[in-house]
Amino acid sequence: MLEGWLHGLQSLSSPHELLFLGLGVAVGLFVGVLPGLGGVATLALITPLTYGMSTVSSFALAGGVMGAVPMGGAITAILLNTPGHGANVVTCLDGYPLAAQGKAGLAIGAAASSNAIGGLIGTITVLAVLPLANILVFAVGPPEFFLLALLGLLLVATISRGRLLRSMISAGFGLMFATVGYSSVTGGARFTFGSDYLWNGIPITPPLIGMFAVAEMLNLMIKGGSVLNSQTSVKVTNIAGGLIESFRHWGTLLQGSLIGTVLGCIPGCGAAVSSFLSYSITARFSKDPESFGKGNIKGIIATEAAVNAKDGSTLIPTLALGVPGSAEMAVFMGILILHGMQPGPFMLIGHETEIYSLIWAITASCFVASAIGLLLARPLSKITAIDSQILAPIVIVIAFAGSYAVDRELDNIIVTAVFALFGYMSIRFDFPRIAMVMAMVLGDIALRGYQQSMMISDGSWSIFFTRPVCMVLMVCIVVGLLAPILLRKSGLRLARGDTGRMPGTGEEVRDARTKLSDG
Amino acid sequence: MAKLRSDLVRYLPSAGAVLVTTAYLAIAYTYKPAPRAMPVLIGWSVLLLLGLDILALSPTVMGRQLTARLNPERSDQRRAGLDPRRQWIALGSLCALTLGFVLLGVLVACGLYVFLMAALFGRRPLLTTLVAAAAVTCSIWLMFVQFLHVALYPGLLFMHPF
């Protein structure tokens, strides 16, 4: 195995392969910045281009793209609250507030270092686990998917602790949107109104673009000014401080990387799920959860580490079993087949060097993309000071163009516009958007997992209590629900709502009454 | 009268959400039992939560208790002094942009939107807005059409030239 690692590294080290790696990183960063076009569309575009290349060159190019897209998406998520990549939605939560406070450099520095370290941890895990992959992947089925999604949905409340009721309403709407489409389990189309476009459900990218990029720019256009708060300066400083923050919060970095690595091994759990869960768990068990969503650097570290760690571990089910670990891997399998490689248990035997060169390419691209992102931090941060009346319409049209470009569907533009209106209303009337998006992503997984589990067990709930991984997830759910209550009762300090007082006391009711009378 | 109107406006978002959820449930009940099970469960849960939200908005003791426990950080941006006229124009422009995409195509609609919003809504100098509109249109064409080879929708009016 060690020999395979070294041969893979050696084959990637030639100038020719490094050139393709650099090209892949440049393309990945560029595409990552554009809302809508993520790694999936980019890999699909470059697949036919790899036909005349050697296998290692193709892998260097593809690996460069896969590792760099999240970093590009993180930059726009931080500067403009515009996630370039689906998983970067969560980066917006704390990245954008930090940019508005004039700490864009700190945020980008933290994102860059988390990206790099998370990617490294993910690929180290892949290198160690790949020969044992089939045990892990076969242990996860519909019951595990359902409980995993349920865990994520229950943690939604953590994200907006001070607005629990509105979070749950937003999540409910997200679940309602998740039911749209044809249900292969129960049979029958729901809420499609005869539309072919909605047959497979509402695609996730146009709503993300609408709710975050377009809605935020609409809000900015209406309020005026710029992204930057009027009292803060556009100077980008403390990038190095951002780099160091990831190491200072090494526990969060490690936790995020491990969550991304584990979830990446599960086919169907995309980067968005990894980032959501990593963020939620970090916020939930933090000493000051109410600071999340207002510019807490740990929110960025947890998210970016999980996103890039997932990149490496999605290779495990893809290469070992021929089951794509993510949408990107599904497209990447096309490149494998194009070069005469059949994904599956025998891949490592016949193509060890090529596989390990791909893993090294993804690792290297995380570092290179992070370094380039850091170099671009200062010039890109000036975007936050641009007049909103010029910036907002430009970002809006680029967002719509990106939404259309996902799969050249005009209906994407209409969906983006509808969700932009939803998103603006959510901002205006304080319904957390992230809860809706989480529920849309996780709801589909939860619904399908539950219905399939009931079919497997003939309607018996015992299926959730008799499988080892299910038991572990059940314990996680119970711990997640009870931990804050138990910790509070044991006298340990927990973060509470905005008043800092014990809920239900006279002081807090008086405060709430005062707030209501202000309106 | 102004206070009454202000109070009613506060309930509008939740009331609107109730209408949407009711419509969702009404449609869900037209499906067969198996496919409608989950939508019905979700719909009723959301209605219950919206009921609690409306109660939390009310100036009653229970409302204040609910707000204190479940929504202590809730804020309504309508108190932030946003100009309603600007809001309606901005939202209307979004609908117009969507229609523009369908009729005029991606490139023309993008350039026109940037120019009109920056010049008329934002009241920025004409030259600046023209340059910005031209630059963004060219950039989109270069990025998507030339570099990424993604054909952009030409629009109904330009699809079949006379």
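Given the pairs A:K223/A:K310; A:K223/A:K294; A:K103/A:K287, which span a C-alpha to C-alpha distance of over 29 angstrom in this model? Distance filter (> 29 Å) returns A:K223/A:K310.
What's the FRET efficiency of A:L6 with B:A151 using the Cβ-Cβ distance as r and R₀ = 45 Å, to the nearest 0.05?
Values: r = 45 Å, r/R0 = 0.99.
In this case the efficiency is close to 0.50.
Take the Cα of A:F193, step 7 Å toward its Cβ, do the same at A:V475, and the gap between the two points is 4.8 nm. Relative contact order, whole percent, for chain B stands at 16, derived from Cα pairs under 8 Å and 6 or more residues apart. A simple spin-label model places pseudo-atoms 7 Å from Cα toward Cβ; at B:A23 and A:S54 they are separated by 6.0 nm.
When only the heavy atoms of the protein chains count and the probe is 1.4 Å, how do A:F292, B:F147 rank by accessible area, highest first?
On the way: A:F292 15, B:F147 110 Å².
Final ranking, largest accessible area leading: B:F147, A:F292.
With a 1.4 Å probe rolled over the protein heavy atoms of all chains, the accessible area of A:L49, A:L243, B:L66 falls in the order A:L49, A:L243, B:L66, largest first. With all protein chains in place and ligands, DNA and RNA left out, the 1.4 Å accessible area ranks B:R86, A:R284 as B:R86, A:R284, largest first. Buried accessible surface for the A/B pair, both sides summed and rounded to the nearest 100, is 6700 Å² with a 1.4 Å probe.
Remark on A:R190: its backbone amide H falls under 5 Å from those of A:G181, A:Y182, A:S183, a criterion applied only to residues 5 or more positions apart or on other chains, H modelled at 1.01 Å from N.
Considering all projection directions equally, how large on average is the shadow of the alpha-carbon convex hull of chain B, in square nanometres?
Details: hull surface 67.8 nm².
Quarter of the Cα hull surface area: 16.9 nm².
Ordering B:L82, B:V102, B:V114 by Cα displacement along the dipole of region B:23-129 toward the positive end leaves B:L82 in first place; charges were set at the Cβ atoms of Lys, Arg (+1) and Asp, Glu (-1). The solvent-accessible area of A:C476, taken with every protein chain present and a 1.4 Å probe, is close to 60 Å².
The values are calculated or read from the model by the stated rules, or taken from the named source; none is laboratory data. All figures in this text were calculated on a predicted structure; none of them were measured in a lab. Note: ideal-geometry Cβ built from the backbone for every residue, glycine included; neighbour counts use all protein chains shown. Please note that ligands, DNA and RNA were not included when accessible areas were found on the heavy atoms of the full protein model with its side chains. Shrake-Rupley method; radii C 1.70, N 1.55, O 1.52, S 1.80 Å.
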